[in-house]
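See structure below.
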């Protein structure tokens, strides 16, 4: 279970980092979303991984640490709000610059399409 | 229980929320008066906290829940000083916005107050996770304030700023997860008690978490490799917003002090002061690069933004120097530099508005209307910022130079600080002479009427540096107490009955 969990966090993080480094606002938004998913998973694991353990006393034999779950909940809410803001800002940026390049370069979309077409 | 410590968070939050509600949301006049009175009350609250923190460190358990289960706010002298400087700066930025930014939308004051709430909360909290939450509050308010008013430059700077800070927040959470996993608590007092007891295999994890935190706080305080966002952001935002932003880099500095002076401080055993070798070269390099930026700036705003970088580097140097004297010099310099950079941003806006098309760029243009008043204000701010006597910048810098007692420190600190002072002096002289003497006509024409509140805001900020010179002795005595509080803070806070480490082990074993 630990290996699977670690792989999930690792793969999601690397995808997120890769997408964040792309040049268009949309991929950056998706990248940040993936990154925050990975972080939430990681935060959840900081209370150690247990099976069949409730975070409440007296319900099950083993007890899971409830605090990371509360932290994850807070982090999800905050991350959700931030992502929503970023999406709106990216749309506004696209309208302001007439392009969805992160530096506001004109013709960014056409450049990407041309590059794609040139590829064999 | 004394409810004073929660007021700096509660008041702006309540007032901001009320302003979003129907009767007030359509009445800008009423909004303005409520916001201003809240900002005045915050100054009084900060003054009272300064007085009561002198007697003892206050701990406020929210809802009466004691740590480790509840959340605490801690007010010691360091916190109280920063709350006071935030309150003064917020008041000046608030009254400066009258008739400018606050006309643009009815959301300006609520956002402004939420940002003040986030800054105050970050200073007050005694818990790392709540530090994260308050960081997010101040950041989301700052995102919206940054793009407030609209425009291509603002959107561009805003998108970069938001993206960087969201990635920073993700790293912050990773660091918190790592630290919680190893130490079993996020309460700062609890953590500093536990960090000395860590097993060797956990120490490397705690170190990783700590360095990740350093990375995040360096991003917030604009330390060298992570400073690229700052000049662009601070040049794009509107004047009163960027004046309030002058305290935001200090939140990063404050967090570095709390984490690496408190948790990983001298009581941390094997992990004591492990981040100091990382901060040293970066801080010196930040000063160097900031000074070059000041020298190369093409407008007064860009120059001031680079001054912020120089002050961040200087502050971090005072934090990492050995010997107790440097940190109190650093706190004095912190108060001074926050007020002066705030004032400089406002002066840049005034000069830019009066010069019309030339804005605040260093180009030959028609004479500045109201040149006498603006020139005198600029001169005072420049003297304070460069660090010439008799204003507080001189005292701060002289103290920092004096506290570099060991030879190895002197070799780094003296050339860095003195060269940067010389470079900023040349840059400011050039700026002033371009604005006021290098003009293309004889007499000023046109010129907008000066608003009383805007000039008053600048005068209040500048008068604090004069007052800091007059009352330097008292402020330094208080800063010394604040530095002492930072180093021995954890012992003063009531300990939980059992250490959290045994709790987390209990969870695993049960």
Query raised in the report: Residues in the range B:172-193: is at least one under 19 Å from the mean Cα position of the chain (by Cα), within 11 Å of chain A (Cβ to nearest Cβ) and touching a residue at least 12 places away in the same chain (Cβ under 8 Å)?
Result: yes
Report task. Look through B:230, B:211 and report the one residue that is more than 16 Å from the chain's Cα centre (by Cα) and assigned to a helix (DSSP H, G or I). Result -> B:211
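Would you call residue A:10 within 8 Å of chain B (Cβ to nearest Cβ) and either in a loop (DSSP other than H, G, I, E, B) or loosely packed, with under 14 Cβ neighbours inside 10 Å (or both)? Lay out the reasoning, then the answer.
Details: within 8 Å of chain B (Cβ to nearest Cβ): no; either in a loop (DSSP other than H, G, I, E, B) or loosely packed, with under 14 Cβ neighbours inside 10 Å (or both): yes.
No, not satisfied.
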Report summary line: Scanning the range A:45-56 for residues that are at the interface with another protein chain (Cβ under 8 Å from one of its Cβ atoms) and on the phi < 0 side of the Ramachandran plot gives A:45, A:46, A:47
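Looking at the structure I just gave you, is residue B:136 facing chain A (nearest Cβ under 10 Å), without any contact (Cβ under 8 Å) to a residue 60 or more places away in the chain and in contact with a helix residue (DSSP H, G or I) (Cβ under 8 Å, 6 or more places away or on another chain)? Steps first, please.
Numbers: facing chain A (nearest Cβ under 10 Å): yes; without any contact (Cβ under 8 Å) to a residue 60 or more places away in the chain: yes; in contact with a helix residue (DSSP H, G or I) (Cβ under 8 Å, 6 or more places away or on another chain): yes.
In short, yes.
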**Report entry** Options B:217, B:245, B:159: the member that is within 30 Å of residue B:457 (Cβ to Cβ), over 20 Å from the mean Cα position of the chain (by Cα) and crowded, with 24+ Cβ neighbours inside 10 Å
**Finding:** B:159
Report summary line: Taking the range B:29-67 and keeping residues in contact with a strand residue (DSSP E or B) (Cβ under 6 Å, 6 or more places away or on another chain) and not in a strand (DSSP E or B) leaves B:49, B:53, B:67
Query raised in the report: Looking at the range A:14-44, which of its residues are more than 8 Å from every other protein chain (Cβ to nearest Cβ) and in contact (Cβ under 8 Å) with a residue 60 or more places away in the chain?
Result: A:23, A:24, A:26, A:29
Query - Listing of helices (runs of 4 or more DSSP H) fully contained in the range B:235-352 that carry 2 or more residues being over 30 Å from residue B:487 (Cα atoms) - result: B:239-245, B:276-296, B:300-320
**Report entry** Matching entry among B:20, B:39 (being surrounded by 23 or more Cβ atoms within 10 Å (Cβ to Cβ), touching a helix residue (DSSP H, G or I) at 6+ places or on another chain (Cβ under 6 Å) and farther than 22 Å from residue B:57 by Cβ)
**Finding:** B:39
Query - Tally, over the range A:23-56, of residues that are in a strand (DSSP E or B) and more than 22 Å from the chain's Cα centre (by Cα) - result: 2
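Yes/no matrix, rows are residues, columns are (1) buried (at least 22 other Cβ atoms within 10 Å of the Cβ); (2) farther than 28 Å from residue B:412 by Cα:
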| position | (1), (2) |
| --- | --- |
| B:272 | no, no |
| B:281 | no, no |
| B:286 | yes, no |
| B:303 | yes, no |
| B:316 | yes, no |
| B:359 | no, yes |
**Report entry** Matching entry among B:240, B:291, B:218 (being touching a residue at least 60 places away in the same chain (Cβ under 8 Å), over 22 Å from residue B:333 (Cβ atoms) and touching a helix residue (DSSP H, G or I) at 6+ places or on another chain (Cβ under 9 Å))
**Finding:** B:240
Requested in this report: Could you check how many residues of the range A:57-85 are more than 7 Å from every other protein chain (Cβ to nearest Cβ) and part of a loop (DSSP other than H, G, I, E, B)?
Outcome: 6
**Report entry** residue B:120 touching a residue at least 12 places away in the same chain (Cβ under 8 Å) and at the interface with chain A (Cβ under 9 Å from one of its Cβ atoms)
**Finding:** no
**Report entry** Segments classed as helices (runs of 4 or more DSSP H), wholly inside the range B:391-510, with at least 2 members that are within 22 Å of the chain's Cα centre (by Cα) and modelled with pLDDT of 90 or more
**Finding:** B:392-403, B:407-436, B:452-470, B:472-492
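Taking the criterion of being at positive phi and more than 8 Å from chain A (Cβ to nearest Cβ), would at least one residue in the range B:140-149 satisfy it?
Yes - at least one qualifying residue is present in the range B:140-149.
Does residue B:131 qualify as being in a helix (DSSP H, G or I), touching a strand residue (DSSP E or B) at 6+ places or on another chain (Cβ under 7 Å) and modelled with pLDDT of 90 or more?
Answer is yes for this residue.
The values are calculated or read from the model by the stated rules, or taken from the named source; none is laboratory data. The structure displayed is predicted, hence computed values, not measured ones. Using ideal geometry, Cβ is built from the backbone for each residue, glycine included, and neighbour counts are taken over all protein chains shown.
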